[in-house]
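Student: Pasting in a structure now, in structure tokens, and then I'll have a few things to ask.
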Amino acid sequence: MRIVVTGGCGFIGSSFVNYLRKNIECEIVVIDKITYAANPFLIPNDVELIKKDICDITLDDIGYADYIVNFAAESHVDNSISNGLPFVRTNVEGTFNMLEVARAIPNLKKFVQISTDEVYGDMDSRDLISANEHTSLKPSSYYSSTKASADHLVESVGRTYGLPYLITRTCNNFGENQHSEKFLPTIARSISNNKSIPLYGDGKHIREWIWVEDNVKLVYDLMISQIGIWNIGSGDSWTNKSIIDTIGEILNKEVNYTYVEDRLGHDKRYTIDISNLEYYKQTSKLTTKTLQKFLTEKFGSSK
């Protein structure tokens, strides 16, 4: 089995690659243009790495493949608000190009698109309890809108050309090797260094969290067994402020806040319906215990 993983040097992509290497007998090919958010040292050195933009990948680069798993994406929402163009290029044009390559691969078993719960938009503004796989998409940022566009491209290729596909829409991931710009590492580092925490609005924005290793295992399980769209989550949601306060308690540090103007288009709540995910009860929730594990891996000691 030959699996091509785009964005395989990023946080979630590298976790998927390492899961494959440890648990599955397969040939792995990673495609990554190695941006600021990528680290080639996160994957085993015997894994083939193609250092190239997914917009420029050709069939000659890949050759034969059983599965293509597309983790490659621009994903920082604040960056998308500042400049949406790189998000259009990677998330839309890049996905389109990978789909064109996938169509040219004989007997490809599946194209797997790694998406996000953000494509559903704000549950509060939509008066919804949660979003299931049939909920219409209503993205709020250039990031989420380009991810939604990519999802639609995958669906259209499936319908028009018969390409078998899987789309996973996952809640917030956390865990080892998460990039320092992301929410949990930023908060933990700031509290550890006695820096004031900038808090958007009232801090009551709600997000659902899953341990990255649980997510990538579910991605693999679904990849080899399912088609269509699947929500992946833990069923466990936290407000941003409650996470910050808990990290402060774990680090035994007082938390100082600086309240700042809310982010443009900031969604209040993401909640996904994961009733279709038969293994969801095995996922690790964002509890004090898993936060302790995250902080220990990030800083060596949480005391």
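The values are calculated or read from the model by the stated rules, or taken from the named source; none is laboratory data. Because the structure is a prediction, the values reported are computed rather than measured. Every residue, glycine among them, receives a Cβ derived from its backbone with ideal geometry; neighbour counts consider all protein chains shown.
Student: Taking the range 118-128, which residues are surrounded by fewer than 24 Cβ atoms within 10 Å (Cβ to Cβ) and either in a strand (DSSP E or B) or among the charged types (D, E, K, R) (or both)? Steps first, please.
Tutor: Initially, the range 118-128 is screened for residues surrounded by fewer than 24 Cβ atoms within 10 Å (Cβ to Cβ), giving 122-128.
Answer for the range 118-128, where residues must be surrounded by fewer than 24 Cβ atoms within 10 Å (Cβ to Cβ) and either in a strand (DSSP E or B) or among the charged types (D, E, K, R) (or both): 122, 124, 126, 127.
Student: Here's another thing I want to ask about it. Given (1) assigned to a helix (DSSP H, G or I); (2) at positive phi; (3) of a type outside the set (Gly, Ala, Ser), where does residue 252 come up short, assuming only one miss?
Tutor: (1)
Student: Here's something else I'd like to know. Which residues, counting only those in the range 108-137, are among the acidic types (Asp, Glu) and in contact with a Phe, Trp or Tyr (Cβ under 9 Å, 6 or more places away or on another chain)? Quick ask: steps written out before the conclusion?
Tutor: Start the filter on the range 108-137 by keeping residues that are among the acidic types (Asp, Glu), which leaves 117-118, 122, 124, 127, 133.
The answer is 117, 118, 122, 133.
Student: Taking the conditions exactly as written (part of a loop (DSSP other than H, G, I, E, B) and of a type outside the set (Gly, Ala, Ser)), does residue 168 satisfy them or not? Full working, then the answer.
Tutor: Values: part of a loop (DSSP other than H, G, I, E, B): no; of a type outside the set (Gly, Ala, Ser): yes.
So residue 168 does not fit the description; no.
Student: Can you go through 54, 68 and tell me which one is touching a helix residue (DSSP H, G or I) at 6+ places or on another chain (Cβ under 6 Å), assigned to a loop (DSSP other than H, G, I, E, B) and β-branched (Val, Ile, Thr)?
Tutor: Values: 68 fails: assigned to a loop (DSSP other than H, G, I, E, B).
On inspection, the qualifying residue turns out to be 54.
Student: Mind listing just one residue for me: the one in the range 98-111 that is surrounded by fewer than 24 Cβ atoms within 10 Å (Cβ to Cβ) and under 20 Å from the mean Cα position of the chain (by Cα) and, of those, farthest from residue 273 (Cα to Cα)? Even if it seems obvious, please write down each step before you answer.
Tutor: To start, the set of residues in the range 98-111 that are surrounded by fewer than 24 Cβ atoms within 10 Å (Cβ to Cβ) comprises 99-101, 103-110.
From the residues that got through so far, the ones that are under 20 Å from the mean Cα position of the chain (by Cα) too are 99, 110.
Numbers: 99: 28, 110: 24 Å.
Filtering first and then ranking leaves 99.
Student: From the list 182, 195, 217, exactly one residue is under 16 Å from residue 270 (Cβ atoms) and touching a helix residue (DSSP H, G or I) at 6+ places or on another chain (Cβ under 9 Å). Which is it? Explain how you work it out, then say what you get.
Tutor: On the way: 195 fails: under 16 Å from residue 270 (Cβ atoms); 217 fails: under 16 Å from residue 270 (Cβ atoms).
Residue meeting the stated conditions: 182.
Student: Does at least one position in the range 14-25 carry a residue that is outside the structural domain of residue 184 (by TED's automatic domain parsing) and either closer than 27 Å to residue 161 by Cα or touching a Ser or Thr at 6+ places or on another chain (Cβ under 8 Å) (or both)?
Tutor: From the range 14-25, those outside the structural domain of residue 184 (by TED's automatic domain parsing) are 14-25; that's our starting set.
Filter again for either closer than 27 Å to residue 161 by Cα or touching a Ser or Thr at 6+ places or on another chain (Cβ under 8 Å) (or both), leaving none.
No, that holds for no residue.
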